[in-house]
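Novice: What follows is a structure written as structure tokens; I'll ask about it next.
The values are calculated or read from the model by the stated rules, or taken from the named source; none is laboratory data. Because the structure is predicted, anything quoted here is derived from the model rather than measured. Here the Cβ positions follow ideal geometry from the backbone for every residue, glycine too, while neighbour counts run over all protein chains shown.
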Amino acid sequence: MSSYDHSPGAPAPGDRSAPPAAQERAADGAARSPGSAPDKASALAEEQSVSTEQATGAGEAPDAAADVVEADLAALIQERDDYLALAQRTQADFENFRKRKAREAEVAEARGTAKLAKELLPAIDNLQRALDAADQEDPLLGGVKLVYEDIVNAFARLGIERFSPRGEPFDPAEHEAMAQQPIEGAASGTVVEVYQPGYRYNGTVIRPARVVVAA
């Protein structure tokens, strides 16, 4: 018995005496065997395909991470811009509030000063009358005059000024006509006598001057 065992009727792979058809079948069987060259080529191609896919996946992962970082950075920049805009609006609102409160304080101060001045004007008028009627030899005259001058100077420092419009054209916005009479040599509508001087506070009349107007 031969050392190469094969099935009955099947020619040995190296048997040259076998018919050509049998040799072709034997070659086909050898090609389909597990250790054949075509199978090795197919396995190598599959490995290369897997390696290519893995390489592609490895390349896509950094790109995806970069996209996430860019999205997070864009969100942070937008959040920063929103907070900056909010801070700027808050600062502008506070500045407007501060200016408004400053104007309100100025108006309130002006009203208070004008009200106090109006309350003191009768006292100043009485001091003026006392000075006009006092005996120039009276030793108290000097004290009264000092008090009067101190009040007038304090008014001036606060922006309150006295005006006496004698000889000026009559102005109903600043003058109060107590009488109208013809005066020789005086143009009609001219203030010829001042009964009581007027006062202005920062350009605003707080008491009109009482006058006599030429007819």
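Novice: Looking at the structure I just gave you, is LYS118 of a type in the set (Lys, Arg), surrounded by 10 or more Cβ atoms within 10 Å (Cβ to Cβ), in contact with a Lys or Arg (Cβ under 9 Å, 6 or more places away or on another chain) and not in a loop (DSSP other than H, G, I, E, B)?
Specialist: Yes; evaluated as a whole, the condition is true for this residue.
Novice: Then there's this: Out of the stretch 95-116, which residues are of a type in the set (Val, Ile, Thr) and free of Cβ contacts under 8 Å to residues at least 40 places away in the same chain?
Specialist: Across the stretch 95-116, the qualifying residue is only VAL107.
Novice: Further, regarding this structure: With without any contact (Cβ under 8 Å) to a residue 12 or more places away in the chain and either of a type in the set (Ser, Thr, Tyr) or not in a helix (DSSP H, G or I) (or both) as the only criterion, which of GLU137, GLU161 stands out?
Specialist: GLU137
Novice: Among the residues that make up the stretch 79-94, is at least one of them touching a helix residue (DSSP H, G or I) at 6+ places or on another chain (Cβ under 7 Å) and among the hydrophobic types (A, V, I, L, M, F, W, C)?
Specialist: no
Novice: Another question, then. If we keep just the residues of the stretch 146-205 that are among the charged types (D, E, K, R) and over 23 Å from ALA110 (Cβ atoms), which is farthest from the chain's Cα centre (by Cα)? Spell out the reasoning first.
Specialist: The initial filter retains those residues of the stretch 146-205 that are among the charged types (D, E, K, R), namely 149-150, 157, 161-162, 166, 168, 171, 174, 176, 184, 193, 200.
Right, trim to over 23 Å from ALA110 (Cβ atoms) and you get 149, 166, 168, 184, 193.
Working: GLU149: 50, ARG166: 54, GLU168: 52, GLU184: 67, GLU193: 58 Å.
Result: GLU184.
Novice: Now for a different question. Among the residues of the stretch 130-152, write down those that are exposed (fewer than 10 other Cβ atoms within 10 Å of the Cβ) and closer than 18 Å to PRO197 by Cβ.
Specialist: If the condition is that a residue be exposed (fewer than 10 other Cβ atoms within 10 Å of the Cβ) and closer than 18 Å to PRO197 by Cβ, then ASP132, ALA133 are the ones that fit.
Novice: Might you let me know whether the stretch 197-205 holds any residue that is part of a loop (DSSP other than H, G, I, E, B) and at pLDDT 95 or above?
Specialist: Looking for residues that are part of a loop (DSSP other than H, G, I, E, B) and at pLDDT 95 or above, one finds none in the stretch 197-205, hence no.
Novice: Can you pull out the residues in the stretch 126-151 that are of a type in the set (Lys, Arg) and out of contact with any helix residue (DSSP H, G or I) (no Cβ under 7 Å at 6 or more places or on another chain)?
Specialist: We begin by selecting, within the stretch 126-151, every residue of a type in the set (Lys, Arg); these are 129, 145.
Scanning the stretch 126-151 gives a single hit, ARG129.
Novice: Any residue at all in the stretch 91-114 that is within 30 Å of ALA215 (Cα to Cα) and either in contact with a strand residue (DSSP E or B) (Cβ under 9 Å, 6 or more places away or on another chain) or surrounded by 11 or more Cβ atoms within 10 Å (Cβ to Cβ) (or both)?
Specialist: No: zero hits.
Novice: Determine, yes or no, whether ALA209 is touching an Asp or Glu at 6+ places or on another chain (Cβ under 8 Å) and within 16 Å of ILE124 (Cα to Cα).
Specialist: yes
Novice: Pick from the stretch 191-215 the residues that are crowded, with 16+ Cβ neighbours inside 10 Å and in contact with a Pro (Cβ under 6 Å, 6 or more places away or on another chain): which of them is nearest to ALA117 (Cα to Cα)?
Specialist: GLY198
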